[in-house]
Amino acid sequence: TLDQRRESLDPTETLAHTLTDGRGDQVMVGDKPRHVVSYMQDFLFTPDQARTPVGALSGGERGRLMLARALARPSNLIVLDEPTNDLDLETLDLLQDMLADYPGTVLLVSHDRDFLDRVVTSVIVSEGNGQWREYAGGYSDIAAQRSPESQAQPTKRKSAPAPEQRAERKPERLKLTFKDQHALKTLPDEIAALESAIATLEKRIADPDFYSRDPDGFARVSADLGAKQDALEAAETEWLRLEMLREEIEAG
């Protein structure tokens, strides 16, 4: 269960310490280790915020921290009670993205109809007189699945109900998530930094005496160069994908 009131956060602890519980610089995401700074960036924190006290974080940042901590823990079920309350738009978009990628079951209570339409695959609704019914799809799909009789008399039970006809969900309109928008803004700087680093490493590799003078250093620089070249290719590919998606959305 996500501590949405954030009472379990210690304002004197750093962001990194909160995620790792003080156990070094690794955070276990499910059963896989991740460097805490890399994991923080998934939730829109910058590396230099790792040592920031929780008490200095904004309300939206604390919400993202709680989400990061909850999703790092091994689980196959998340329970949320009115999760959109007190969330800023950045954290709300991030929450939607993270829940969409969550491999387990999400059980949530919400009066936010738009949020339900974006996140859930079925809705359980009170029909009155202690009766509850599950509808496929989001909140907007409920009306299409109810028969005219049940909409007029929602509490009346039929002795021989007709087979339920499920409505086809309308294809969701393409949109850039907040993470996509953030990446579009930050990737150009990241690409430029990688290009600069690669140029520096290539100059070192080009030194004809480098290998004979320091074989181990040459091997380290070569490995670093290869890693940065791979990172540059991945960043350029991602930026191109997002830019094409942005143009497609703007074209309508």
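The values are calculated or read from the model by the stated rules, or taken from the named source; none is laboratory data. Every value quoted in this text rests on a predicted model; they were computed, and no experiment measured them. Heads up, the Cβs are rebuilt from the backbone with ideal geometry, glycines too, and the neighbour counts pull from every protein chain shown.
Once the stretch 18-33 is narrowed to residues that are touching a strand residue (DSSP E or B) at 6+ places or on another chain (Cβ under 8 Å) and buried (at least 17 other Cβ atoms within 10 Å of the Cβ), the residue that is farthest from Leu71 (Cα to Cα) is Thr20. Taking the numbered list (1) out of contact with any helix residue (DSSP H, G or I) (no Cβ under 7 Å at 6 or more places or on another chain); (2) surrounded by fewer than 18 Cβ atoms within 10 Å (Cβ to Cβ); (3) over 21 Å from Asp180 (Cα atoms) in turn, Ser38 passes all entries but (3). Return the residue satisfying two criteria in turn: it lies in the stretch 43-88 and is among the hydroxyl-bearing types (Ser, Thr, Tyr) and within 23 Å of Glu190 (Cα to Cα), and of such residues it is nearest to the chain's Cα centre (by Cα). Out of the qualifying residues, it is Thr46.
From the list Met28, Met40, the lone residue that is outside any loop (DSSP other than H, G, I, E, B), under 18 Å from the mean Cα position of the chain (by Cα), over 30 Å from Gly138 (Cβ atoms) and modelled with pLDDT under 85 is Met28. Taking (1) within 30 Å of Glu90 (Cα to Cα); (2) hydrophobic (A, V, I, L, M, F, W, C); (3) in a helix (DSSP H, G or I) in turn, Leu176 satisfies each apart from (3). Taking the stretch 42-76 as the range and being under 15 Å from Gln26 (Cα atoms) and either small (Gly, Ala, Ser) or in contact with a Ser or Thr (Cβ under 6 Å, 6 or more places away or on another chain) (or both) as the test, the residues that pass are Ala50, Arg51, Ala68, Ala72. Might you let me know whether the stretch 52-63 holds any residue that is touching a Leu at 6+ places or on another chain (Cβ under 6 Å), modelled with pLDDT of 90 or more and either part of a loop (DSSP other than H, G, I, E, B) or of a type in the set (Gly, Ala, Ser) (or both)? Taking every residue of the stretch 52-63 in turn, at least one turns out to be touching a Leu at 6+ places or on another chain (Cβ under 6 Å), modelled with pLDDT of 90 or more and either part of a loop (DSSP other than H, G, I, E, B) or of a type in the set (Gly, Ala, Ser) (or both). Restricting attention to the stretch 8-25, the residues being touching a helix residue (DSSP H, G or I) at 6+ places or on another chain (Cβ under 6 Å), at pLDDT 85 or above and in a loop (DSSP other than H, G, I, E, B) number 3.
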